[in-house]
Each structure stands twice: as structure tokens, then as C-alpha cells.
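Trainee: Before I ask anything, let me first share the structure, which is written out below as C-alpha cells.
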Amino acid sequence: MGQRVKELRKAHNLTQKTLAAKLQLAGYDFNDLAILRIEQGTRFVPDYEVVALAEVFNVSCEYLLGLTDAPAK
């Protein structure tokens, strides 16, 4: 999942800090260190955070989790 988050973040021209800020505006407790750890695969990502990331990037949870190669919802 971390690699997908990193790819999507870069494709949207977001820094880790700006991605964290977007998620905070949506009501989720993220910071740039959390994004870094997700991208590195060293942080557990609960289901509600997977949903939040999918919403921000407008992709399916299945795509983020690597269960499909089709990003559409």
C-alpha cells in the first residue's frame, strides 16, 4: 500500500506535509511523519485511514491495497 500512496501523492504533486494537511481538513489525524511511515510500510494503517486516503486520491480502497490495478472507484 505504501508504494501506491507514494505514487498517487507524487502524481497529484503533493508533498507529504500537504497530503497530511488535506487529510486533517477532512477530519483525520495525520502528519507528514505518518505519511512517510505509511509510504515506507512501517506504520499500520487502519481501515478508516485506508478509506480516507482513497477518498483524497479518488481511487478505490482495493487499488490502494494492491488488490486491483484499476484505480477507479
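Trainee: Can you compute the helix-only [θ] at 222 nm over the chain? Use -39500 (n - 2.57) per DSSP H run of at least 4 residues, normalise by all residues, nearest 500 deg cm²/dmol.
Mentor: -17000 deg cm²/dmol
Trainee: Then there's this: Between L36 and E62, what is the label-to-label distance in nm when each label sits 7 Å out along the Cα-to-Cβ direction?
Mentor: The two pseudo-label positions are separated by 3.5 nm.
Trainee: Okay, next question. Given A54, L65, A20, which one lies farthest toward the positive end of the charge dipole of the chain, if we put +1 on the Cβ of every Lys and Arg and -1 on the Cβ of every Asp and Glu?
Mentor: A20
The numbers here are math on the coordinates, done by the rules we state, and not lab data. Computed from a prediction, not measured in an experiment: that's the story for all the values here. Positions of Cβ are backbone-derived with ideal geometry, glycine not excepted, and every protein chain shown enters the neighbour counts.
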